[in-house]
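Accompanying notes for the structure given below.
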Amino acid sequence: MPLVTTTKMFEKAYREGFAIGAFNVNNMEIIQGITEAAKEEQAPLILQVSAGARKYAKHVYLIKLVEAAMEDTGLDIALHLDHGEDFEICKSCIDGGFTSVMIDGSKHSFEDNVKLTKEVVEYAHAHGVVVEGELGRLAGVEDDIKVSAKDSSYTDPAQVEEFVERTGVDSLAIAIGTSHGAYKFKPGTKPQLRFDILEEVSKRLPGFPIVLHGASSVMQEYVETVNRFGGQMPGAVGVPEDMLREAARMAVCKINIDSDLRLAMTASVRKHLAEHPDHFDPRQYLTPARAAIKEVVAHKMKYVLGCSGKA
């Protein structure tokens, strides 16, 4: 069965008020944990790959792993490039079988962002691939992406109509206060998302799918486990899940989740090796790590994204 695009997924998500999880992958156990959860939850699914993941695992391995997951589960899966920084990486993923790519021109001027995004859209659409663009810059760290708080910026709703019309993008990532990485907010502060910006964007782009990046909740049980077994993650604060669920009821059709998966896997491995210091077989500590990934994804699908039973 072939990979699918996100077009029909987003149409249903917007119409019914839920979001689809876009989960970052870079090895077999992560892909297995995510897809097993999606199958049990009967949820639509986007697997996404960053430039760093492609360097780590290689494009061909990731493609074959995703193909194996589809054969094993029978799921419809969209395969997405996360944060493509230039035309060349987007083209490589399009030519290599991805069904969706993101071109992140947010570091450029508005005009240069439009030019770059349009170039990717024209190539992608000619090959049956959909494109996500971005307006506004999220703070935080994800792989090679590092944006300081002073260099971040909220999306300007006044620009979204022109950007979508001139580029032809199929979805739009906006900045409303989420942040990449585990340290999204200062300890003791109350995280807030700019729902006023989201509402204004949805008014200006009725029916158009919006995307949130940097939306891991930094699940505290995993942070505590990491710290208990030798980690140093004091003050890691993520986006409250009730805020993400509210965004999913609005115009947000795709929510990216990465840090929570990393935390769950790392916490499980640390705990297992601390409790079983004689274990050296990777299968012994990666089996519970895979189960932890599955547990997190199922939780997100049920209680945050609202997409369980929507496949």
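The values are calculated or read from the model by the stated rules, or taken from the named source; none is laboratory data. Every value quoted in this text rests on a predicted model; they were computed, and no experiment measured them. Counting neighbours? That spans all protein chains shown, and the Cβs are built from the backbone with ideal geometry, glycine included. We work out accessible area using only protein heavy atoms, side chains counted, and drop any ligands, DNA or RNA first. Shrake-Rupley method; radii C 1.70, N 1.55, O 1.52, S 1.80 Å.
General remarks:
- Each Lys and Arg contributes +1 and each Asp and Glu -1, all at the Cβ; summed about the Cα centre of the chain, the dipole is approximately 560 debye.
- Share of carbon and sulfur in the accessible heavy-atom surface of the chain [1.4 Å probe, %]: 51 percent
- Separation of the alpha carbons by more than 22 angstrom is noted, of Lys12/Lys58; Lys12/Lys300; Lys254/Lys294, for Lys12/Lys58.
- Nonlocal amide H pairs with His80, under 5 Å, H built at 1.01 Å: Leu47, Gln48, Val49
- Amide hydrogen proximity for Leu3: with H placed 1.01 Å from N in the peptide plane, no residue at 5 or more positions away or on another chain lies under 5 Å.
- Between the labelled values (1) 59, 47, 34; (2) 47, 44, 36; (3) 53, 45, 44, the entry that holds Cα extents along the principal axes in Å as derived from this structure is (1).
- Remark: relative contact order (the chain) = 23 percent; criterion is Cα-Cα distance under 8 angstrom and separation of 6 or more residues.
- All C-alpha to C-alpha distances of segment 1-83, sorted into 10 Å bins beginning at zero, yield P(r) values of 18, 54, 25, 3 percent in whole numbers.
- Peptides 268-276, 169-177 ordered by average Cβ neighbours within 10 Å, highest first: 169-177, 268-276
- Accessible surface for the chain, divided over its residues, is 44 Å² per residue with a 1.4 Å probe.
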